[in-house]
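The values are calculated or read from the model by the stated rules, or taken from the named source; none is laboratory data. Since the model is a prediction, treat every value here as computed from it, not as a measurement. Positions of Cβ are backbone-derived with ideal geometry, glycine not excepted, and every protein chain shown enters the neighbour counts.
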Amino acid sequence: MRANEIKDLIIKGDAAGTAWGVEEMLAAGLAVDDIIQGILVSAMNVVGERFREGQIFVPEMLIAARAMKAGLKILEPLILQAGRKYLGKVVIGTVKGDLHDIGKNLVGTMLQGAGWDVVDLGVDVAPEKFLKAVKEQKPAAIGLSALLSTTMGSMKTVLGLLEQEGLRSQVKVLVGGAPVSEKYATEIGADGYAPDAGTAVHVFARYAS
Amino acid sequence: MNSKERLTRRLAGKPVDRAPNCNLIMAFAPLYIGKPQSQFYLDYKVLVESNLRVAKDFDLDILGAISDPFREVFDFGGKVEFPEDDIPLCSDNLLKSYEDLPKLQIFDPYRSTRMQDRIQGIELYKREAGSEYPIMGWVEAPFAEAVDLRGMNEIMLDVYDHPEKLHQLLEICLEAEIRSAVAQIKAGADLIGMGDAAASLLGPDLFGAFALPYEQRLIAAVHEAGALARLHICGNTTAILNLMKLSGADIIDVDWKVNFKLACETYRGYAAACGNFDPVAVVQQGTPARIREAVWKCLDAGDANTLIMAGCEIPLSTPHENLKAIAEALRDYPRY
Ligand code: B1M
């Protein structure tokens, strides 16, 4: 199987085919990093692009992400065995009072695919819980997602809490979700904003350790 | 001209004193009359009293029984929490596995808890203001209900992984929604609104397979029972506008992300478009001047039967002068 064929399987959302293809690539001697960057991440970039352009929709994006994860799963033991470093750790979650998680999950999967160690705190995450995760997990960055104009204020609370605890300089804070904008991110003092999951990967990449 | 006459005439494309104000009111209503949120969801008397006050004070033209998406989930046996002063929360999915599908009992709306409460709300509306206002019942559309029961992430994968099981679930949801809609019509609802926001995440093929056919059957049942149907799919529905017009709905809501002129053209001859300024940036955060501009822009784009609303629910913390500004813009529009 050729790299492009595996990419197509990911784009089509064929998890079993992707896993099989990745195994073949390994057997053929391709390096883990090349498989991740050249196939998995590259396929998800295409998926992200097609989603942005309205050629595919949420279900297609989710099955592609699942296929990508199936490929990643084959590589995981090798990643750990080789002592290969993650890009770093990120903690993500949907803010307090907010149950919307599809966008946040996609961001998480894309980051995982790009080589981050992702800790997902789930939905309705209280500011204190983000704080606790920062203290315990020591991530390079945290990603806050909000889909409601009534809950996006919680992002500011998280930032304030980090500041108050003297942790603000130790962790980058990224925000996203439909009602959030670049302008809002700047206003509340976040380090970055991404309008979609594909862009989030690029923005987080700035903070790789 | 009262609201009932206004809506009827406008839908028929006949002259009106002003276009009907069809905004969706939920969490805003209890806040407006100083009642805790939970009472609005659990007690039809609070829902009716608060909506009547809002309709009178802000010149709305429809009295709605819409409140939250979880009435049916509750009556199916799902766990829904009602925080004292917040919107209801359903964080645990009732149908975790399709193996449990046979256990899913379709509820009898008359013996249920929350749908029965809604039916009583319609009866009360009818007594209090039935000759003056059109009364709108509400149900989840079958696809949205399937999502409420099983979870959004799950259904988004089911469309590929378990299409047949999903159709079985959708049949159950359809039956429950038809019963709920017909009971509301018998109680006095003039129109039935149905929410299918989750369907906005599907592309045309999947929308055509899993959402549209069930909307069509629900709407046919609403018509047969003698009421009008209003389809509400918020989100960016540009890719499915052409299919939505085939739903049979008399009114189709249009969220702010869609080009309203395009929507009005697409629905011409099929349904009245209802939309479509941004509920957050324009209504909640905008100024009366910006609201007037947005309302007039919609009216300019529309036809003789076009209805006006923000793309979705009026946000809780909307300043009162902004909601007033919508009514004033409708009243002052110079080109009816
Ligand atoms: C950290 O860095 C980053 C970077 C990028 C990030 C990021 C983080 N997070 C997201 N991104 C970005 O990347 C993603 C992929 O590219 C993108 O993620 P998105 O999440 O934007 O996009 C997803 C891929 C797809 N989009 C979605 O998943 C949202 C779809 C819609 C239909 C939606 C859904 C599905 C739901 N809802 Co709700 N819902 C709506 C939405 C209307 C619509 N059609 O858009 C919206 C968001 N809901 C709304 C509302 C009001 C509500 N919802 C509610 C409930 C629900 C459901 C539970 C039924 C369900 C959520 C299920 C779930 N598991 O997520 C209620 C609130 C519940 C709660 N406490 O959270 C309720 C309050 C309704 C009620 N009265 O009960 C509206 C919000 C209005 C506002 N601006 O405040 C809404 C826009 C609908 C509307 N038109 O009014 C980007 O934003």
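Take A:Gly108 and tell me if it is closer than 20 Å to B:Ile155 by Cβ and crowded, with 18+ Cβ neighbours inside 10 Å.
Yes, satisfied.
Identify all residues within the range A:155-186 that are within 14 Å of chain B (Cβ to nearest Cβ) and modelled with pLDDT of 95 or more; write none if there are none.
A:Gly177
If we keep just the residues of the range B:186-227 that are in a loop (DSSP other than H, G, I, E, B) and over 28 Å from B:Leu124 (Cα atoms), which is farthest from the ligand (Cβ to nearest atom)?
B:Gly203
Quick check: anything in the range B:270-279 more than 17 Å from B:Asn236 (Cβ to Cβ), within 14 Å of chain A (Cβ to nearest Cβ) and within 12 Å of the ligand (Cβ to nearest atom)?
Within the range B:270-279 (the criterion being more than 17 Å from B:Asn236 (Cβ to Cβ), within 14 Å of chain A (Cβ to nearest Cβ) and within 12 Å of the ligand (Cβ to nearest atom)), the answer is no, since none of the residues qualifies.
Name the residue that is nearest to the ligand (Cβ to nearest atom), counting only residues in the range A:184-209 that are of a type in the set (Gly, Ala, Ser) and more than 10 Å from the chain's Cα centre (by Cα).
Among those that are of a type in the set (Gly, Ala, Ser) and more than 10 Å from the chain's Cα centre (by Cα), it is A:Ala194.
Which of the residues spanning the range B:115-138 are without any contact (Cβ under 8 Å) to a residue 60 or more places away in the chain and farther than 21 Å from B:Asp250 by Cα?
B:Gln116, B:Arg127
If B:Arg53 satisfies all but one of (1) free of Cβ contacts under 8 Å to residues at least 60 places away in the same chain; (2) under 25 Å from B:Glu177 (Cα atoms), what's the number of the condition it fails?
(2)
Considering only residues that are of a type outside the set (Val, Ile, Thr) and either at pLDDT below 95 or within 16 Å of the ligand (Cβ to nearest atom) (or both), which ones fall in the range B:228-247?
Once the filter is applied, which keeps residues that are of a type outside the set (Val, Ile, Thr) and either at pLDDT below 95 or within 16 Å of the ligand (Cβ to nearest atom) (or both), the range B:228-247 yields B:Arg230, B:Leu231, B:His232, B:Cys234, B:Gly235, B:Asn236, B:Ala239, B:Leu241, B:Leu243, B:Met244.
Check the range B:32-41 and report whether any residue there is touching a Ser or Thr at 6+ places or on another chain (Cβ under 9 Å), of a type in the set (Lys, Arg) and closer than 23 Å to B:Ala325 by Cα.
No.
Can you tell me which residue in the range B:238-254 is nearest to the chain's Cα centre (by Cα), limited to those that are surrounded by fewer than 24 Cβ atoms within 10 Å (Cβ to Cβ) and outside any helix (DSSP H, G or I)?
Here the answer is B:Asp250.
Filter the range B:28-45 down to the residues that are farther than 20 Å from B:Leu7 by Cβ, within 16 Å of the ligand (Cβ to nearest atom) and touching a helix residue (DSSP H, G or I) at 6+ places or on another chain (Cβ under 6 Å) and list them by number.
B:Pro30, B:Tyr32, B:Gln37, B:Gln39, B:Phe40
Residues A:Glu128, A:Glu49, A:Glu76: which one is within 25 Å of B:Ser91 (Cα to Cα) and in a helix (DSSP H, G or I)?
Answer to the check: A:Glu128.
Residues checked against (1) away from the ligand (no atom under 14 Å from the Cβ); (2) in contact (Cβ under 8 Å) with a residue 24 or more places away in the chain; (3) within 14 Å of chain A (Cβ to nearest Cβ):
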{"residue": "B:Ser91", "(1), (2), (3)": "no, no, yes"}
{"residue": "B:Glu99", "(1), (2), (3)": "yes, no, no"}
{"residue": "B:Glu140", "(1), (2), (3)": "no, yes, no"}
{"residue": "B:Leu174", "(1), (2), (3)": "yes, yes, no"}
{"residue": "B:Gln184", "(1), (2), (3)": "yes, yes, no"}
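A:Leu174 passes all but one of (1) more than 7 Å from the ligand (Cβ to nearest atom); (2) under 17 Å from the mean Cα position of the chain (by Cα); (3) buried (at least 17 other Cβ atoms within 10 Å of the Cβ); which number fails?
A:Leu174 satisfies every listed condition except (1).
Inspect all residues belonging to the range A:121-131 and state whether any of them is near the ligand (Cβ under 9 Å from one of its atoms) and hydrophobic (A, V, I, L, M, F, W, C).
Checking the range A:121-131: at least one residue is near the ligand (Cβ under 9 Å from one of its atoms) and hydrophobic (A, V, I, L, M, F, W, C).
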